[in-house]
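Derivation of every value follows stated rules applied to the coordinates shown; laboratory data play no part. Keep in mind that what you see is a predicted model, and the values were worked out from it rather than measured. A quick note on method: Cβ atoms are made from the backbone with ideal geometry, for glycine too, and the neighbour counts reach across all protein chains shown.
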Amino acid sequence: MSETETLEASHHRGPAEFAESRRRSPVPLHVATQSSINTSAPVVSFDRRELREILNLYGRKVAEGEWRDYAIDFTPAKAVFSIFRRTSEVPLYRIEKDPKLARKQGAFSVIAATGLILKRGSELKRVIDVLDKRLKLVSG
């Protein structure tokens, strides 16, 4: 089979064949690319551990009724997890990962809707703790 025949056959694959080819792909989950056709640089994304930390916090806040929706954006410059109270609003908070700032202030930051940076650092868990303030019992 020639290259053109292989290319034509790949365009006529069904969803099951496409999913199987994606499972066998050597690209790790934390490295996303904009398009397999373009020769663009990889985009910044959250790895599994980071995403698990963020989604654990998000799940607790949804259960408490504080948050309702989220969005994830991956760009060549940074990854952003936006948190919404309602779908049609601006995000309450943004959790950003910017590798360019990793050696300076830390790659992770939490930004409020006003643009105020609430916390910045190199450890995601410590940075997102600013959003997870639990009430403490004070005995007197």
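Points worth noting:
- Global form of segment 48-131, assessed from the alpha-carbon gyration tensor, a/c cut-off 1.5: prolate
- Taking amide H as placed 1.01 Å from N in the peptide plane, the amide H of TRP67 sits under 5 Å from that of VAL62, each at least 5 places away or on another chain.
- 5 angstrom amide H check on LYS119, placed H, neighbours 5+ away: VAL110
- Nitroxide proxy distance, nm - points 7 Å out along Cα→Cβ at ARG126 and ILE72: 2.5 nm
- Long pairs among LYS61/LYS104; LYS61/LYS100; LYS61/LYS97, criterion Cα-Cα beyond 26 Å: LYS61/LYS104; LYS61/LYS100
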